[in-house]
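Asker: Right, I'll just put the structure down here and ask away after.
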Amino acid sequence: MDLLLSSNYNDVQVLHWILDLKCNFSQKQLSGTALLFCQSSCFPPDSDVTPESKACIGSSSLSKSPHIDQGGSDTPAYGKNAIPFILDCDTLDIEACFFHSLPKKSFELDSQCYENLTTDSESMNECRKGNQSRSYQVHEDTINKYFNIFQNLKKGTFKRPVDFVVEKSCLRISIPHTYLQSNQKRELFAVEINYQTCREGPSLTWTQDQNMQPCVYTSGHLLNNRSLMPCQDMPEAMSTWHCYITVCADKAADVQLDKVTVLMAGETEPSVVVDQDGNYTFGYHSSYPMPASTFALAIGTWSEFCSTQTKRDNSVESFKPRVRLFAPSSLDKNPLRSLTDYLPACFSALHSVLGLYPLQRLDILIVPANFDSLGMMGPHLLFLSQSTVMCGGTEAEGSMFYRVAHELCHTWLGVLTGPRDWTEEWLTEGLCCYLEDVVHARALMWSATEARERLELRCLLKYRVLKAEISATSEDLQMLRPNGDTTATDSTDTHDPCIVKNGLNPHNTLLQVHYLKGFFLLRYLEQMSGKEEFLEVLKTFIENKMGKLFSSTDLLEFCFEQLPKLRQSELTLSRICQEWLDSPGMPQTLSEFLVDDENSLFKEVQNELSSLKAGASRKRRKQPGDVMGAASDASSCSSPKVLLPEQRVLLLDLLVEEDARLTRPQMQCLRERLRVQDAAAEVQHSWCELVISRKALAWLGDVERFLTQHQAMGVYLYGELMISENGRFQALAHKVFQRLRPCMAENQRLAVEEMLFPT
Ligand SMILES: [Zn+2]
């Protein structure tokens, strides 16, 4: 269940990579080459070093990994004659690997340029360790130089094949020492890998969009991009890149070439070249060194709904990136319009909370219905689930746009900074969960009272989810820092973990424990230190960490240093770590959640709840034989006040929890009053839970529609349908699953299978 980090990054660093791939929709395959510009840290054989470091075996990155030597018997013996170059990969068809030496002269690499290419990475390493501050973007000239070399290598025929072995989770290439020049300590060379992806590789989802057109996108799988490309898949291995995707005429797949769009996590809009056969090649690049896991790609026939033309200058508007919004043409335009109205307000709010938006452009794609989460932020590219944007009807409600705020916060947290140990996912998720509320409230310009009351309700909802998840999951999934404090070593060298604990556990992706426990820790720190002070300190911390990695300890130490009220409290760093990060279960501080007595929104929900319960019991006493046919209770149906989405979710959840009896007319009335049909996906979800818990067969159709339209949110409803012990509900679960199964995301399919076919 753990994710292995196999690459020997300490020996060889990939500075830049270039993918040049053809997309074949009917084969569901990408094929072509990956060219990796590398720098070796291994010492050449004749230099004055010890035998251990010479052979590169037993170097820190390898020795930390206990499982890595379980490969086949044909594992190359690197011995003294070759340098190992190990890349993480999964389900890739590797055809050949070649070595290109990059002598200074032949590629117009004057000494200065050569120095720039290589030393760049040294200072990058220092910077990652947090020792040095530098710009987190590589100079344009260097990026162009890589591209020129790539063009030259494509023309040239001189390349030397190298031995390689494909193992279950990695590709081992051995580079003979004789290929390297012996007088270079940090030598630049390139490795070319010819390969193709396999249709069952989990990094790419080949599917149909909402218009039934073929498309493919990187699904943010637990294996990251390992079945898209061989890569050094670990947080500190950051590279710049170019990527070229050629889409060819493909009659079998019914792809209209001139309608195809390729979206990528690149920093400028694509270069598009049409060759004489009518094939389209889309090219993107990134001069921001980033982990391979952040790369994102989508190929399909989406239409550009709109774009904002904001110029980046010194005006007030300068903090807003240029945005293009892509969606299937059949999608309802009203919610998309609400989204484009929301974005400028959201960027202003982000500016006030986190500072200048650090990237210059952003593409947003409304992904196919089988996308397995609500949103996924890559550099310059945001995948949004239709559940975040669309409502049941045409009413453009936008109440789930806080999720857009959440994803945009990831630009700072997860894209341009990130946890040093991927197991400490709470750092980015908890922070984004915390900041989404602050940003969303500012974007919608809620008054102080409105913000306080609405956010308190949202907090209560989060608390209820956290409590439910903690009672239903195994303890090892509830720890925010299962590897302990990875920075606490006596040596100056930072310990890099070689596995991501539970990194391949499919249950982990369906859980929100890390998000929510992290959220409540940050909220607690905010309460102890004062909201404005806390936000200011967070902003400074994030600014300091741009382009770097950080740990839980880094963040908490900084808070204690900068926040006097926190220091003066009885809290200590070790107590916080012990209670919140290193223990399973609910932290002591969170043993209960009390809503402020003055919260008028909460009172309204309570009143609704009691009148519904009173109405139901009144009817049962009067007409015990005719409950289902009773006239609807006028008081609950005609009440003029429309509840807010948070209130509606809470009311429905409380009705489920209190097992309140509701008559059929009452249910009907409630459904109308809460505008379930047109409501945001979250309200519909709670409604479905009520329908199932009340065995209200009349609204079976609502559940079926929800499971189809909001696949990422519906997984646990299958379980509820099954334990309802009602034949028709169970049949519905099986029917919908059979229909969606072929296109379902893998982790969801596995989870639903477990519920439908328990062993
Ligand atoms: Zn997130």
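Asker: Quick check: with the 1.4 Å probe, what order do D678, D702 take by accessible area, largest first?
Answerer: D678, D702
Asker: Also, I was wondering about something else. On the full set of protein chains, 1.4 Å probe, figure out the accessible area of Y146 and give it in Å² to the nearest 10.
Answerer: Ignoring ligands and nucleic acids, Y146 comes out at about 10 Å².
Asker: Here's a follow-up. Just to check I understand the Karplus step: with θ = phi - 60° and J = 6.51 cos²θ - 1.76 cosθ + 1.60, what whole-Hz values come out for region 581-593, glycine and proline as x?
Answerer: 9, 9, 10, x, x, 7, x, 3, 4, 9, 4, 9, 10
Asker: With every protein chain kept in the model, how would you rank M376, M212, M744 by accessible area, 1.4 Å probe, largest at the top?
Answerer: M212, M376, M744
Asker: Something else now. Keeping all protein chains in place, calculate the accessible area per residue for region 683-745 (probe 1.4 angstrom), answer in Å².
Answerer: Heavy-atom SASA per residue in region 683-745 reads 39 Å².
Asker: Please identify every one of the chymotrypsin sites (Phe, Trp or Tyr not before Pro) in region 318-387 that sits in a loop by DSSP and has no more than 10 other beta carbons within 10 Å of its own beta carbon.
Answerer: none
Asker: Ignoring everything but the protein chains, give the 1.4 Å probe accessible area of W241 in square angstrom, nearest 10.
Answerer: 10
Asker: Shifting gears a bit: As an exercise, use a Förster radius of 22 Å and the Cβ-Cβ distance of S271 and R160 to find the FRET efficiency, rounded to the nearest 0.05.
Answerer: Efficiency for this residue pair is about 0.10.
Asker: Another question, if that's okay. Heavy atoms of the protein only, probe of 1.4 Å, neighbouring chains included. What is the accessible area of I499 in Å², nearest 10?
Answerer: About 40 Å², rounded to the nearest 10.
Asker: Could you order D20, D93, D659 by accessible surface area, starting with the largest, using a probe radius of 1.4 Å?
Answerer: Listed by decreasing accessible area, they come as D659, D93, D20.
Asker: Then there's this: For region 689-738, with all protein chains present and a 1.4 Å probe, just round the carbon and sulfur fraction of the accessible area to a whole percent.
Answerer: Roughly 53 percent, rounded to a whole number.
Asker: Another one. Suppose every K and R has +1 on its Cβ and every D and E has -1 on its Cβ; what is the size of the dipole of region 671-759 about the Cα centre, in Debye to the nearest 20?
Answerer: 280
Asker: Right, next: Considering only C-alpha atoms, what is the centroid distance from region 699-759 to region 516-538, in Å?
Answerer: Each part reduced to its Cα centre gives a spacing of 38 Å.
The values are calculated or read from the model by the stated rules, or taken from the named source; none is laboratory data. Since the model is a prediction, treat every value here as computed from it, not as a measurement. Here the Cβ is made from the backbone with ideal geometry for all residues, glycine too, and neighbour counts use every protein chain on show. With ligands, DNA and RNA removed, areas are computed over all heavy atoms of the protein, side chains included. Shrake-Rupley method; radii C 1.70, N 1.55, O 1.52, S 1.80 Å.
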